[in-house]
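A quick write-up on the structure given underneath.
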């Protein structure tokens, strides 16, 4: 597999790092876990990286078979990047690495991206409590949570016949998720709406508070 540098070690860990160990490579994988993205979407999610560096990492990851570039047909006429089946196998690795890194010091002035927040919830949520299918709308972004298989999976896109739906703006979403604002206060102020039958809406509300509950 092509790589800019190699550890020259036959150990599987070293060979994995030959592929995804370059700076920004694994974060590109993280950005694609919830679904395909355009180049500009990747740049927006990786604010500290330059376009040249991201372009180089994308070429390497495509060459190594971790991601693939897909040209969408008209009327979209846009290129997106998505994980291959092999790249998708990194999902539990990234989620576990995120849980492990929660104990590391926080960098000053950094704000966690929306995808990272949702992946952190996915890693921490009790799948049994997330049983059902939900839709999360944050600003212009829409995500599906599917817990019907016994494992909660978060993906970008709309849900077909969701049991409950939440809609809010990015600031309110982060404030509620991180316990900086009570969800009832956000609902009462009209900054967040929950729809669906009461039981499903309650489960979705509990899912949003997963990270806060984990810190209690």
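Below are the figures for this structure:
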| quantity | calculated |
| --- | --- |
| Residue match in segment 6-24 (condition: modelled with pLDDT of 95 or more and touching a strand residue (DSSP E or B) at 6+ places or on another chain (Cβ under 7 Å)) | no |
| Of all residues making up segment 60-95, the number that are on the phi > 0 side of the Ramachandran plot and either free of Cβ contacts under 8 Å to residues at least 24 places away in the same chain or under 19 Å from the mean Cα position of the chain (by Cα) (or both) | 1 |
| Qualifying position, being farther than 26 Å from residue 35 by Cβ and assigned to a loop (DSSP other than H, G, I, E, B), among 184, 179 | 179 |
| Search result, residues across segment 137-153 that are at pLDDT 90 or above and surrounded by fewer than 19 Cβ atoms within 10 Å (Cβ to Cβ) | 137, 139, 140, 141, 142, 146, 153 |
| Residue in segment 66-78 that is under 20 Å from residue 210 (Cβ atoms) and assigned by TED's automatic domain parsing to the domain that holds residue 32 present | no |
| Any chance residue 90 is at pLDDT 95 or above, closer than 29 Å to residue 19 by Cα, in contact with a helix residue (DSSP H, G or I) (Cβ under 8 Å, 6 or more places away or on another chain) and buried (at least 17 other Cβ atoms within 10 Å of the Cβ) | yes |
| Among the candidates 159, 123, residue that is modelled with pLDDT under 95 and part of a helix (DSSP H, G or I) | 123 |
| Residue within segment 96-108 that is in a helix (DSSP H, G or I), within 29 Å of residue 15 (Cα to Cα), touching a residue at least 12 places away in the same chain (Cβ under 8 Å) and in contact with a strand residue (DSSP E or B) (Cβ under 9 Å, 6 or more places away or on another chain) present | no |
| Output for segment 1-40, where each listed residue is within 13 Å of the chain's Cα centre (by Cα) and free of Cβ contacts under 8 Å to residues at least 24 places away in the same chain | 27 |
| Any hit, segment 25-37, residues being over 17 Å from residue 119 (Cβ atoms) and not in a helix (DSSP H, G or I) | no |
| Top-ranked residue in segment 154-195 [being farther than 16 Å from residue 209 by Cβ and in contact (Cβ under 8 Å) with a residue 60 or more places away in the chain; ranked as surrounded by the most Cβ atoms within 10 Å (Cβ to Cβ)] | 156 |
| Test: residue in segment 56-63 that is over 30 Å from residue 146 (Cβ atoms), surrounded by 13 or more Cβ atoms within 10 Å (Cβ to Cβ) and outside the structural domain of residue 91 (by TED's automatic domain parsing) | no |
| Count - residues of segment 8-24 that are touching a helix residue (DSSP H, G or I) at 6+ places or on another chain (Cβ under 6 Å) and either outside any helix (DSSP H, G or I) or loosely packed, with under 15 Cβ neighbours inside 10 Å (or both) | 1 |
| All positions within segment 122-131 that are in contact with a strand residue (DSSP E or B) (Cβ under 7 Å, 6 or more places away or on another chain) and within 15 Å of residue 166 (Cβ to Cβ) | 130 |
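The values are calculated or read from the model by the stated rules, or taken from the named source; none is laboratory data. A quick note: this is a predicted structure, and the numbers were derived from the prediction, not measured. Heads up, the Cβs are rebuilt from the backbone with ideal geometry, glycines too, and the neighbour counts pull from every protein chain shown.
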